[in-house]
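K.L.:
Below is the structure I would like to discuss, written out as structure tokens.
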Amino acid sequence: MGVAGSYSGSGGSVPGPGAPLDRDEVDRALARLGAEEEAIETSLLALQDHAGRRLLEGAELTGVTKDRWGATEQAITMLWDYFDAYTEALGEIRELRSRRRWPGRDDLVELTRRLRGPSVTVSSQAAPLVVWVTGPARLAEEFTLEELVGRMNELYAKSLDMVVTSDSVWSALPARIDLLSAELQRTRSLAHSVGVRPGEHPSGDELEAITHELATLRAQVISDPLAFWRPAPGSSAPGGGRPDTDRYDRAARALEDIRREIEAVLRVRQDSEERLMRLRDVLSRADRTLAEARTARGEVLAKIAASEVPAVSGPPTALQERLSTAAEFRRHSRWHRLSPLLEALEAEAEDELLRARESLTAVTAPLAVRAELRGRLDAYKAKVARHGLAEDPLLVERYDAARRMLWSAPCDLRVADQAVLRYQRAVAEALAQGESAETGNQGPTDGRGTDE
């Protein structure tokens, strides 16, 4: 029973109705009952001194805990009534046994009746006790000693379960809630330092909600711990189960998410100047690239005819304005607003630089085509010179025609491309004719001998 271990009247119980006990059986029964009396008293005193019971006595309880504790207090009172009756009955049996060293038959019959039969009458001041403890109580009840021990076991187990369960919840949840509340205060302080405040940022509102939830949860746990207990399925042992920490766990997860967000904002505060400088550099490169593309477009329009030249967008003024806004946020320590703005600007600035480079490539494509045609024309001229055909009239004529087209402004790329192709064909034909002529000039070997 309780701390001292459960007691019962099972092992070594007295015989059932029939022949009276002899002297040795009576003495053994009294010794066993005396040991049980000590165990019962030890358990009751341990329950009386249990920290959970003292907390229950001093707490302002509500809900199911209030109802259960009212019944448990009555059960504990009745336990002591039963124990007093048990002790008194046992004392009377001992007094009867001590009258004679060798009791006679009448004494043994009386001793047997008291040890076996319903010899204990209990007048309880705790009636009526609620049904969950023992069922409807009566003002006076009669028990055998064994029945009385069984009744005390029942009351004790239910009372101890109530006390241990409440103490388990109080030992587990309030301390964890207090630790989480301390972490919450630190996070709120950090959040305030970076401008995350209620009404100004969603995380500030969430911190307020978590603060309210923890305060409410703690008050409810203190006043109604049994509402936060999950009994173990199939367990009948006192305190079998665990505290229900679902609401605490949700608050802890939400706080952890906000804490990570605040740390990200703090990192923004630490490296914001460097990131702003990188952004300025990327946007400046994009602006210079677009300026180069605009210059190149004017050159293309002046030098290349019959070519579609794409328009070039202006400088990224919208991004520059947002960059100025980011710098303003930094000057006024509005870190919570600077963080998402920097992330968006960094992605958009890289995209802007890529678009500027693509625009420059698209604009200068005709010039690249002209340069490729010029290079091809000069390469074939060098080839002609290596084969000794530099003075060939047709090749000179076609080379000059292609060169005039490629080095005149505006240059018609389509016509110039055809002129270069005609020069290439002429070169190929001239080279082929030269090879045929060399083969024809070689002729058969002269086989005539020397005059004798």
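K.L.:
Mind checking which helices in the chain clear 27 Å along their axis (Cα) and have mean Kyte-Doolittle hydropathy of -1.0 or more, DSSP H runs only?
P.N.:
Counting only whole DSSP H runs, the qualifying helices are 23-49, 63-97, 145-193, 202-223, 246-303, 335-363, 365-386, 413-441.
K.L.:
Within region 261-281, name every residue whose backbone N is under 20 Å away from a label modeled 7 Å from Cα of Leu354 along the Cβ vector.
P.N.:
The answer is 278-281, whose backbone nitrogens lie closer than 20 Å to the label point.
K.L.:
Excluding Met162 itself, what net charge comes from residues whose Cβ is under 14 Å from its Cβ, given Lys and Arg +1 and Asp and Glu -1?
P.N.:
-2
K.L.:
Identify the trypsin sites (Lys or Arg not before Pro) of region 59-107 meeting these criteria: DSSP loop state and at most 12 other C-beta atoms within 10 Å of the C-beta.
P.N.:
Arg99, Arg100, Arg101
K.L.:
Where Lys and Arg each count +1 and Asp and Glu each count -1, what net charge lies around Ala305 among other residues with Cβ under 10 Å from its Cβ?
P.N.:
+1
K.L.:
How far is it, in nm, from the label point at Glu273 to the one at Ala227 when both lie 7 Å from their Cα along the line to the Cβ?
P.N.:
So the label points at Glu273 and Ala227 sit 5.3 nm apart.
K.L.:
Less than 21 Å apart at the alpha-carbon level, and either on another chain or at least 8 residues along: which lysines does that give for Lys66?
P.N.:
Lys158
K.L.:
At 1.4 Å probe size, with the rest of the protein present, what percent of the exposed accessible area of the chain is carbon and sulfur atoms?
P.N.:
C and S atoms contribute 51 percent here.
K.L.:
Here is a follow-up. Scan region 229-334 for GluC sites (Glu not before Pro) in coil per DSSP, keeping those whose Cβ has at most 11 other Cβ atoms within 10 Å, and list them by number.
P.N.:
When the GluC sites (Glu not before Pro) of region 229-334 are filtered for loop state and at most 11 Cβ neighbours within 10 Å, Glu308 remain.
The values are calculated or read from the model by the stated rules, or taken from the named source; none is laboratory data. The model shown is predicted, which means the values in this text are computed figures rather than measured ones. Here the Cβ is made from the backbone with ideal geometry for all residues, glycine too, and neighbour counts use every protein chain on show. The protein model used for the area step is the full one, side chains on, heavy atoms only, and it has no ligands, DNA or RNA in it. Shrake-Rupley method; radii C 1.70, N 1.55, O 1.52, S 1.80 Å.
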